[in-house]
Amino acid sequence: MKQIIECVPNFSEGRNDKVIQKLANEIKSIKGVSLLNVDPGRATNRSVFTFVGEPQKVIDAAFLAIKLASEIIDMRNHKGEHPRMGSTDVCPLVPIQNITMKEVIYYSNKLAKKVGNELNIPVYLYENSAKIDKRSNLAYVRSGEYEALKSKLLNDEWKPDYGPTDFKLIERYGATAICARDFLIAYNINLNTTSTRRANAVAFDIREKGRLKRKNNLLTGEILKDENGNKIWTSGTLKGVKAIGWYIKEYGICQVTMNITDLKLTPLHKAFDETEKKAMKRGLRVTGSELIGLVPKKVLIDAGLYFLKKQQRSTGIPEKEIIKIAIKTLGLNEISEFDPDKRIIEYLINNESKNKLINLSLKDFTNETSTDSPAPGGGSVSAYIGALGASLATMVANLSAHKRGWDEKWEEFSIYATRGEELKNKLINLVDRDTESFNNILSSYKLPENSDDEIKYKQGLIIQNTKNAILIPFEIMELSYESFDIIKKMAMIGNPNSISDAGVAALCARSAVIGAYLNVKINCYDLKDINFKVNILKKSAEIVQKTIKKEKKILDIVNKLI
């Protein structure tokens with residue numbers, strides 16, 4: 001599996017579309033790098049780019065973009081709401097796939113050294129890449145912003161990790177901060193006020209750093225100090241959150257703008273709820289929110305599940321519906337459209353081919369099955385029938401969770417619905433995997449046999465692919481059989497108006513098990529591994545026998561109630 005990292009450079013230009021497009025083109029010029037998102041902000045005069053790829057290709061693209069930004073963005077004329085200190089203000093690298101943080105730190109240093117030495121741009125390493133403890137905090141590194149660089153560079157304490165210290169050399173483009181870090185969520189919460197002071201008060205309430213402690217807890221009172229003369233701070237309520245308040249002229253409102261640096265300590269929904277709570281205490285109201293750049297899918301799934309549970313609604317619904325609940329509740333569409341297909345990183349990275357069977361319409365899937373091609377065949381159809389059975393059971397559970405007068409039972413039915421949804425998703429995934437396994441067998445038979453080594457390799461691959469083509473329908477059998485527990489329970493305690501649906505679910509599950517069993521048997525036919533063949537056929541036959549009994553019991557319950 002390839003190593004994949006994400007790069008999220010922030011350029012100090014959010015208004016000039018031509019400049020933004022030039023930067024995008026520079027990044028896309030590196031083959032193998034995928035530019036996933038460009039998020040310009042007019043009020044902040046800042047654009048957040050997100051691209052992914054193999055580590056070396058990503059830092060090559062980042063270097064080209066940083067170089068171009070230093071040539072076409074003049075910091076001497078830059079104004080914007082967001083703190084910044086250079087044409088490329090920050091350039092974080094984030095581990096995505098098959099790579100450790102230690103390895104990403106190595107690449108951040110490699111990029112920083114190249115930028116400092118070849119482009120003559122002062123570079124400060126921060127977060128996990130910081131070589132000086134204080135510099136792990138970006139706010140400290142960026143203190144005073146671009147305007148303070150002239151005096152800071154004269155001080156040995158502010159000597160950059162790489163690059164020059166002569167401000168005259170860097171006056172046009174300023175300095176850059178580069179790091180390796182985990183996912184950071186840049187998130188703005190909208191308030192129904194135009195008062196920056198009030199927005200800041202809410203930000204100070206929630207952010208981990210909190211606010212300065214003052215005499216008698218008055219906002220304008222004397223700042224208190226400890227015995228060593230250090231200012232005393234009162235911590236806010238959210239760990240791993242940095243926040244300030246600002247006024248966005250473009251929107252005509254104030255926002256609490258925050259970076260959530262530790263999603264385990266403070267998930268997105270917790271930040272939203274806590275900000276809403278603190279705002280209401282100050283007579284304000286949260287009207288919506290805004291995510292900057294891309295977001296991991298889990299962040300919105302967790303938020304959607306949290307809000308569904310608060311509403312005492314079933315969580316056993318499709319992933320996209322859960323995300324829709326999160327978007328609606330967080331008000332992510334208030335300022336501009338939030339399209340999950342364009343804003344969730346996994347959807348962009350793992351953009352599934354349109355040729356996947358599961359992406360076809362019902363009509364197209366049926367037509368594809370009826371052609372003279374041997375795949376998709378009985379295995380894929382069995383997986384799909386099993387998914388339909390699990391879906392029907394899940395539907396009954398969800399209808400029961402929302403039935404009038406059954407409010408106290410919602411959580412019990414939600415558990416069944418959630419499990420049904422999991423089984424459905426696994427079976428849907430097996431629709432394509434079964435077809436892929438069949439195609440892999442055909443491919444292995446086409447391999448050359450020009451030497452003993454080639455013959456040995458081909459025979460080994462045929463056995464390996466054949467076993468895989470047996471194990472996939474066997475997995476379809478296991479999952480479909482597992483769905484009987486949910487189906488039976490829904491037949492017994494579910495919404496009586498949906499009893500026939502539970503019956504159809506049982507019929508689907510039975511057909512899926514027996515259909516997959518036929519595929520296990522036929523794929524075992526030419527397998528030379530006798531022990532494997534005997535064991536899998538024995539287990540499969542046992543599942544079939546148990547399936548027939550389970551189906552009969554469920555249909556007896558259904559017919560009796562009907």
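The values are calculated or read from the model by the stated rules, or taken from the named source; none is laboratory data. Note that the structure is predicted; figures quoted are calculated from it, not measured. Note that we place each Cβ from the backbone using ideal geometry, even for glycine, and neighbour counts take in every protein chain shown.
When Thr257, Thr266, Thr261 are screened for being of a type in the set (Val, Ile, Thr), farther than 27 Å from Asn45 by Cβ, touching a Gly at 6+ places or on another chain (Cβ under 8 Å) and in the same structural domain as Glu208 (by TED's automatic domain parsing), only Thr266 passes. Of the listed requirements (1) in a helix (DSSP H, G or I); (2) crowded, with 24+ Cβ neighbours inside 10 Å, Tyr126 misses just one: (1).
The residues of the range 85-112 that are over 25 Å from the mean Cα position of the chain (by Cα) and surrounded by fewer than 24 Cβ atoms within 10 Å (Cβ to Cβ), listed by number, are Asn109, Lys110. Of all the numbered requirements in (1) of a type in the set (D, E, K, R); (2) outside any loop (DSSP other than H, G, I, E, B); (3) loosely packed, with under 15 Cβ neighbours inside 10 Å, Lys264 misses one, and that requirement is (2).
From Ile486, Ile462, Ile455, grab the single residue that is under 25 Å from Phe532 (Cβ atoms), crowded, with 16+ Cβ neighbours inside 10 Å and hydrophobic (A, V, I, L, M, F, W, C). Sole residue among the options that is under 25 Å from Phe532 (Cβ atoms), crowded, with 16+ Cβ neighbours inside 10 Å and hydrophobic (A, V, I, L, M, F, W, C): Ile462.
Is it true that Glu368 is among the charged types (D, E, K, R), out of contact with any helix residue (DSSP H, G or I) (no Cβ under 8 Å at 6 or more places or on another chain) and free of Cβ contacts under 8 Å to residues at least 24 places away in the same chain?
Details: among the charged types (D, E, K, R): yes; out of contact with any helix residue (DSSP H, G or I) (no Cβ under 8 Å at 6 or more places or on another chain): no; free of Cβ contacts under 8 Å to residues at least 24 places away in the same chain: yes.
Here the answer is no, as Glu368 does not meet what is asked.
State which residue is farthest from Leu36 (Cα to Cα) when the search covers only the range 271-315 and only residues that are hydroxyl-bearing (Ser, Thr, Tyr) and touching a residue at least 40 places away in the same chain (Cβ under 8 Å). Checking each candidate, the answer is Ser314.
Let's see how each residue does on (1) at pLDDT 95 or above; (2) among the polar types (S, T, N, Q); (3) part of a helix (DSSP H, G or I); (4) surrounded by fewer than 20 Cβ atoms within 10 Å (Cβ to Cβ):
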position: Val504; (1), (2), (3), (4): yes, no, yes, yes
position: Ser511; (1), (2), (3), (4): yes, yes, yes, yes
position: Asn523; (1), (2), (3), (4): no, yes, yes, no
position: Leu527; (1), (2), (3), (4): no, no, no, yes
position: Asn531; (1), (2), (3), (4): no, yes, yes, yes
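Mind listing whichever residues of the range 150-161 are in contact with a helix residue (DSSP H, G or I) (Cβ under 6 Å, 6 or more places away or on another chain) and either crowded, with 22+ Cβ neighbours inside 10 Å or without any contact (Cβ under 8 Å) to a residue 12 or more places away in the chain (or both)? Lys152, Trp158 - these are the residues of the range 150-161 that are in contact with a helix residue (DSSP H, G or I) (Cβ under 6 Å, 6 or more places away or on another chain) and either crowded, with 22+ Cβ neighbours inside 10 Å or without any contact (Cβ under 8 Å) to a residue 12 or more places away in the chain (or both). Looking at the range 1-112, the strands (runs of 3 or more DSSP E) lying wholly inside it that each contain 1 or more residues that are of a type in the set (Phe, Trp, Tyr) sit at 46-53.
Here the range 539-562 is the region considered, the condition is being of a type in the set (S, T, N, Q) and in contact (Cβ under 8 Å) with a residue 12 or more places away in the chain, and the residue that is nearest to Ala509 (Cα to Cα) is Thr547. On inspection, Ile486 fails the criterion of being over 27 Å from Ala417 (Cα atoms), touching a residue at least 12 places away in the same chain (Cβ under 8 Å) and part of a helix (DSSP H, G or I).
Could you please give the count of residues in the range 129-143 that are surrounded by fewer than 17 Cβ atoms within 10 Å (Cβ to Cβ) and touching a residue at least 40 places away in the same chain (Cβ under 8 Å)? Residues flagged as surrounded by fewer than 17 Cβ atoms within 10 Å (Cβ to Cβ) and touching a residue at least 40 places away in the same chain (Cβ under 8 Å) within the range 129-143 amount to 1.
With respect to Val115, is the statement that it is buried (at least 16 other Cβ atoms within 10 Å of the Cβ) and either aromatic (Phe, Trp, Tyr) or farther than 21 Å from Lys239 by Cα (or both) true? So Val115 passes the test.
Of all positions in the range 233-240, at least one carries a residue that is crowded, with 16+ Cβ neighbours inside 10 Å and closer than 21 Å to Gly293 by Cα.
Which is aromatic (Phe, Trp, Tyr) and under 27 Å from the mean Cα position of the chain (by Cα), of Phe204, Phe272? Even if it seems obvious, please write down each step before you answer.
Details: Phe204 fails: under 27 Å from the mean Cα position of the chain (by Cα).
Of Phe204, Phe272, the one residue that is aromatic (Phe, Trp, Tyr) and under 27 Å from the mean Cα position of the chain (by Cα) is Phe272.
The residues on offer are Leu362, Leu300, and the sole one that is aliphatic (A, V, I, L, M) and under 16 Å from the mean Cα position of the chain (by Cα) is Leu300. Within the range 225-253, the set of residues being charged (D, E, K, R) and in a strand (DSSP E or B) comprises Lys225, Lys231, Lys242.
For Ala279, the criteria (1) outside any loop (DSSP other than H, G, I, E, B); (2) closer than 26 Å to Asp182 by Cβ; (3) of a type in the set (A, V, I, L, M, F, W, C) hold in every case but one, which is (2). Does any residue in the range 505-526 that is under 23 Å from Ile441 (Cα atoms) come within less than 8 Å, Cβ to Cβ, of a residue that is outside any helix (DSSP H, G or I) and of a type in the set (Gly, Ala, Ser) six or more places away or on a different chain, and which pairs are these? Listed pairs, sorted by first residue: Asn519/Gly377.
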